[in-house]
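Taking it in order: structure first as structure tokens, then the write-up.
The values are calculated or read from the model by the stated rules, or taken from the named source; none is laboratory data. Values in this document were obtained by computation on a predicted structure and should not be read as measured data. Methodologically, a virtual Cβ is constructed for each residue, glycine included, from the backbone with ideal geometry; neighbour enumeration extends over all protein chains shown. For the accessible areas, the whole protein counts, side chains as well, though only heavy atoms, and no ligand, DNA or RNA atoms are used. Shrake-Rupley method; radii C 1.70, N 1.55, O 1.52, S 1.80 Å.
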Amino acid sequence: MMQNDLFSKSEPKIEALCDGVYLLRQFIEPELFYNQIMKMAKISPFRRMMTPGGKIMNIAITNSGDVGWYSDRKGYRYLPLDPLNAKPWPPLADFMIKAAKQAAQKAGFKNYNPDTCLINCYQTGDRLTPHQDKNEQDFSQPIVSMSLGLSAIFQLYEEVRGGKPKNILLDNGDVLVFGGPARRYFHAVKKLEKDNHTLTGSKRYNLTFRKAL
Ligand code: MD3
Ligand code: FE
């Protein structure tokens, strides 16, 4: 009983994976986030964007917050309005900001102020190729990532793109915090395997909270 109390839900475990990368397993309430995503997607639907090179991305994307990450022939950037409906992106709900700040705080980042959340929707076979996130202004602010639904293998390249990555299995409700040197690391997500999840069906969702401006 005492053993259990030491690891009870009030004191979730935090695991340092490497310098600046922290994993908080089962940190959020997935249903709450999933329901919110479905509400927001009615205003700004998931869509497959075009890369600057003219290819259609396989992962469907939407945003919430003051600005949203966007890609087309003109390049990658943050936009205050959703080009699909010419309206602001759905606002970040207070509970979302609170959870992201709580995760950052646990990882040691005190003044985290996310102004946007990029939401990725993975279907069977979708993968994210190695890349850096560098469209944000302030690299001293961490990125907080939340996973929903089907599990996926996340890959972190500590050195360069060509090096051997660290593989991390991300499950429903897991949260990752990236800051400091890790903020600039290359990372990727392996192909989503065909499976079924009680909350999300055949899909995986990932939310990345960022300070873009
Ligand atoms: C490491 N998303 O949207 S989240 C992305 O699971 C993205 O959908 C992945 O990479 C996903 O850009 C991984 C974890 C993540 C997010 C941002 C990072 C890892 C990061 C920025 C720097 C280093
Ligand atoms: Fe990324």
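Take region 122-135 and flag every residue that is in contact (Cβ under 8 Å) with a residue 60 or more places away in the chain and near ligand 1 (Cβ under 9 Å from one of its atoms).
122, 128, 133
For region 49-61, what are the residues that are within 20 Å of residue 38 (Cα to Cα), touching a residue at least 24 places away in the same chain (Cβ under 8 Å) and part of a loop (DSSP other than H, G, I, E, B)? Explain how you work it out, then say what you get.
If we filter region 49-61 for residues that are within 20 Å of residue 38 (Cα to Cα), which is where we start, we get 49, 58-61.
Subset that is touching a residue at least 24 places away in the same chain (Cβ under 8 Å): 58-61.
Hits for region 49-61 are 58, 59.
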| query | When region 180-190 is examined, which residues are found to be in a loop (DSSP other than H, G, I, E, B) and within 9 Å of ligand 1 (Cβ to nearest atom)? | reply | 185
| message | Of all residues being part of a helix (DSSP H, G or I) and within 15 Å of residue 94 (Cα to Cα) in region 10-33, which is least open to solvent (accessible area, probe 1.4 Å)? Just the residue, please. | response | 33
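Between 148, 156, 169, which is at negative phi, within 8 Å of ligand 1 (Cβ to nearest atom) and not in a loop (DSSP other than H, G, I, E, B)?
Details: 148 fails: within 8 Å of ligand 1 (Cβ to nearest atom); 169 fails: within 8 Å of ligand 1 (Cβ to nearest atom).
156 is the lone residue from the list that is at negative phi, within 8 Å of ligand 1 (Cβ to nearest atom) and not in a loop (DSSP other than H, G, I, E, B).
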| query | Consider residue 13 against the criteria (1) under 20 Å from residue 172 (Cα atoms); (2) within 18 Å of the chain's Cα centre (by Cα): it satisfies all of them except one. Which criterion is unmet? | reply | (2)
| query | Quick one: how many residues across region 123-156 are away from ligand 2 (no atom under 13 Å from the Cβ) and surrounded by fewer than 17 Cβ atoms within 10 Å (Cβ to Cβ)? | reply | 9
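Hey, any hits in region 191-206 for a residue that's more than 21 Å from residue 64 (Cβ to Cβ) and within 11 Å of ligand 1 (Cβ to nearest atom)?
Residues of region 191-206 more than 21 Å from residue 64 (Cβ to Cβ): 191-198, 201-202.
Filter again for within 11 Å of ligand 1 (Cβ to nearest atom), leaving 192.
Yes: one or more hits.
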| task | Could you list all residues from region 192-213 that are in contact with a strand residue (DSSP E or B) (Cβ under 9 Å, 6 or more places away or on another chain), over 23 Å from residue 35 (Cβ atoms) and exposed (fewer than 14 other Cβ atoms within 10 Å of the Cβ)? | result | 193
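Per-residue answers, yes or no, for (1) buried (at least 16 other Cβ atoms within 10 Å of the Cβ); (2) at pLDDT below 95; (3) closer than 25 Å to residue 48 by Cβ:
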position	(1), (2), (3)
92	yes, no, yes
98	no, no, no
121	yes, no, yes
158	yes, yes, no
189	yes, no, yes
| query | Any chance region 191-203 includes a residue that's within 15 Å of ligand 2 (Cβ to nearest atom) and in contact (Cβ under 8 Å) with a residue 12 or more places away in the chain? | reply | no
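One line per residue, one yes/no per condition, for (1) farther than 15 Å from residue 41 by Cα; (2) part of a strand (DSSP E or B); (3) out of contact with any strand residue (DSSP E or B) (no Cβ under 6 Å at 6 or more places or on another chain):
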| residue | (1), (2), (3) |
| --- | --- |
| 63 | no, yes, no |
| 76 | yes, yes, yes |
| 91 | no, no, yes |
| 95 | yes, no, yes |
| 98 | yes, no, yes |
| said: Restricting to region 122-140, count the residues that are out of contact with any Phe, Trp or Tyr (no Cβ under 6 Å at 6 or more places or on another chain) and part of a loop (DSSP other than H, G, I, E, B). | reply: 12
